[in-house]
Amino acid sequence: MRFDRIIQGGSVVTPTRTFVGDVGIIGEQIAALGPDLDSTGAALIDARGHHVIPGVLDVHVHLELPFCGTTSADDYRTGTRAAARGGVTTLIDFAIPYAGESLSQAADNWLAKAAGKALIDYTFHICITRWNEHRDQIKGMVDRGFTTFKEFMIYESEGWQSDDRALFGTLEKMKEYGTMLLVHAESARVLDELIARHHTPELMQQYGARLHPMTRPNFIEAEAISRVVMWSEATGGQLYIVHMSTAEGADIIRAAQARGVPVLAETCVQYLVLDDSVFARDDGHLFACCPQLKKPADVRRLWEGLQHGEVSVISTDTCTFSREQKAMWEGDWTRIPMGMPGLETLLPLTYTHGVLTGKLSLEQMCLKLSTNPAKIMGLYPRKGALVVGADADIAIIHPESTLPVDPAAMETNADWSPFDGWPLAGFARTTLSRGEVIVDNYRVVGHEGRGRWLPRTTAGLR
Ligand code: URP
Ligand code: ZN
Ligand code: ZN
């Protein structure tokens, strides 16, 4: 067999084994895996002394999102450049319909944001924000190649909030179409009440950003997860809890899975490496996100959930805001744009704080960052694993050499990082997307607009 390109001599992680050898690429696909592939006429990439792993899928991303009175600062150009540098080769964003728009218009809007800018492949979860209008449009979106939908249990002021009727009805449709509903689970009414109680000039002056965790105790997430899990159990509709942040959430998911409820859960890497002590910092407001960072005991339980299996995916919930945007809070913590940058550091953080600390094996990391997200989101085996016939989406990382997180040197538009100065191993020395080198020697070399939209026909694990 003649290959166009061969990645030589790396430690190659496949779903069935990790071996030292080669990856042979023809066109955009992986054509062979093995020791000493015939290199005649092939372009060679030296991976000796490196891990060769599947490109990462970040399945929870918000690029150029109008939100909290501003627009998130990474667009499809900077966001996908950041992704590539962090070994991410596929992302899934959320297409959200605005006033009066249909689901189809939302998808068109997001396709237009990505066109000509994306460096890596992408698709969208379709957000259902007005059940009465959108319920009859779901099947049309499935026929268009979108198999994952999303509802928010909070964000009434954004016009995004779904009630139990919508959650229940959507899950019924997910069961009927073999598709999946993603849910942001926080308990809106109790949260509103706790915010109202704490939102006084005196308390804001006294506590500043520390009010953020004070109004969101763990039961805010736990109650919402248990309620929507109940709707999944009652309807049989496939459910996926996004950005799960609490120990209670992990317990509920574990128990539900044990009794056969079709529910899956994702956490985000920030919930694995940070806790709510950051809100006491002078710049603590920068870390505001929904749900907020929790306690060290939650962090430990989420790692355990990844090890035991109830937490299937690690993502980022990238929703970048600059220091200037975060300054919109002016001491009123309810006006902070919620979200943080993340695409560029997902793999380095998981590798450094998961694999190098012994919490996850390298193979488990690839499962949580690549294989599981691809399977669950209906992109496997095209994406998510180093197997013959898959797209040659590959990251090559050095096992231990580190780079400091330096916002000035990063691709993201953020002028700060939650991880500023942290030494991290696992930045991509080389990233390939569909056989093309898009990061070389830690620098982005791929061209904008080469990324493609990915149609899908399935979702979930059943
Ligand atoms: O703070 C966050 N997470 N911002 C993005 C919107 C969401 O809830 O995912
Ligand atoms: Zn959310
Ligand atoms: Zn999100």
**Request:** Mind checking which helices (runs of 4 or more DSSP H) fall wholly inside segment 253-359 and carry at least 3 residues that are within 16 Å of ligand 2 (Cβ to nearest atom) and open to solvent by less than 10 Å² (accessible area, probe 1.4 Å)?
**Result:** none
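Report yes if some residue within segment 409-430 is among the small types (Gly, Ala, Ser), farther than 28 Å from residue 340 by Cβ and crowded, with 20+ Cβ neighbours inside 10 Å; otherwise report no.
First, pick out the residues of segment 409-430 that are among the small types (Gly, Ala, Ser): 409, 414, 417, 421, 425-426, 428.
Going one step further and asking which of them are farther than 28 Å from residue 340 by Cβ, we end up with none.
No, segment 409-430 contains no residue that is among the small types (Gly, Ala, Ser), farther than 28 Å from residue 340 by Cβ and crowded, with 20+ Cβ neighbours inside 10 Å.
Each row is one residue, and each column tells you yes or no for (1) open to solvent by 60 Å² or more (accessible area, probe 1.4 Å); (2) more than 27 Å from residue 305 (Cβ to Cβ); (3) among the aromatic types (Phe, Trp, Tyr).
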| residue | (1), (2), (3) |
| --- | --- |
| 366 | no, no, no |
| 376 | no, no, no |
| 401 | no, yes, no |
| 404 | yes, yes, no |
| 407 | no, yes, no |
| 452 | yes, yes, no |
**Message:** Here's a check for you: in segment 51-75, which residue that is away from ligand 3 (no atom under 16 Å from the Cβ) and under 15 Å from the mean Cα position of the chain (by Cα) is nearest to residue 334 (Cα to Cα)?
**Reply:** 56
**Asked** Picking from 168, 146, 124, which residue would you name as being in contact (Cβ under 8 Å) with a residue 40 or more places away in the chain and over 19 Å from residue 225 (Cα atoms)?
**Response** 146
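Is it the case, given these coordinates, that residue 239 is away from ligand 3 (no atom under 14 Å from the Cβ), open to solvent by less than 10 Å² (accessible area, probe 1.4 Å), in a helix (DSSP H, G or I) and not β-branched (Val, Ile, Thr)?
Working: away from ligand 3 (no atom under 14 Å from the Cβ): yes; open to solvent by less than 10 Å² (accessible area, probe 1.4 Å): yes; in a helix (DSSP H, G or I): no; not β-branched (Val, Ile, Thr): yes.
Here the answer is no, as residue 239 does not meet what is asked.
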**Item:** Per-region count, segment 92-108, residues more than 16 Å from ligand 2 (Cβ to nearest atom) and in contact (Cβ under 8 Å) with a residue 60 or more places away in the chain
**Value:** 2
**Asked** So, of the residues in segment 78-101 that are closer than 21 Å to residue 439 by Cβ and in a strand (DSSP E or B), which turns out to be farthest from the chain's Cα centre (by Cα)?
**Response** 89
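A quick yes/no check of all residues on (1) of a type in the set (Lys, Arg); (2) more than 27 Å from residue 196 (Cβ to Cβ); (3) more than 12 Å from ligand 1 (Cβ to nearest atom); (4) out of contact with any Phe, Trp or Tyr (no Cβ under 6 Å at 6 or more places or on another chain):
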position: 264; (1), (2), (3), (4): no, yes, yes, no
position: 271; (1), (2), (3), (4): no, no, no, yes
position: 274; (1), (2), (3), (4): no, yes, yes, yes
position: 296; (1), (2), (3), (4): no, yes, yes, yes
position: 299; (1), (2), (3), (4): no, yes, yes, yes
position: 303; (1), (2), (3), (4): no, yes, yes, yes
position: 324; (1), (2), (3), (4): no, yes, yes, yes
position: 340; (1), (2), (3), (4): no, no, no, yes
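Please work out if residue 408 is among the hydrophobic types (A, V, I, L, M, F, W, C), under 30 Å from residue 282 (Cα atoms) and not in a loop (DSSP other than H, G, I, E, B).
Numbers: among the hydrophobic types (A, V, I, L, M, F, W, C): yes; under 30 Å from residue 282 (Cα atoms): yes; not in a loop (DSSP other than H, G, I, E, B): yes.
For residue 408, the condition - among the hydrophobic types (A, V, I, L, M, F, W, C), under 30 Å from residue 282 (Cα atoms) and not in a loop (DSSP other than H, G, I, E, B) - is met.
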**Residue within segment 29-42 that is open to solvent by less than 10 Å² (accessible area, probe 1.4 Å), part of a loop (DSSP other than H, G, I, E, B) and of a type in the set (A, V, I, L, M, F, W, C) present** = no
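The values are calculated or read from the model by the stated rules, or taken from the named source; none is laboratory data. Here the structure is a predicted model, which is why all the values come from computation and not from measurement. Counting neighbours? That spans all protein chains shown, and the Cβs are built from the backbone with ideal geometry, glycine included. Remember, those area values only see protein heavy atoms, side chains included, never the ligands or the DNA or RNA. Shrake-Rupley method; radii C 1.70, N 1.55, O 1.52, S 1.80 Å.
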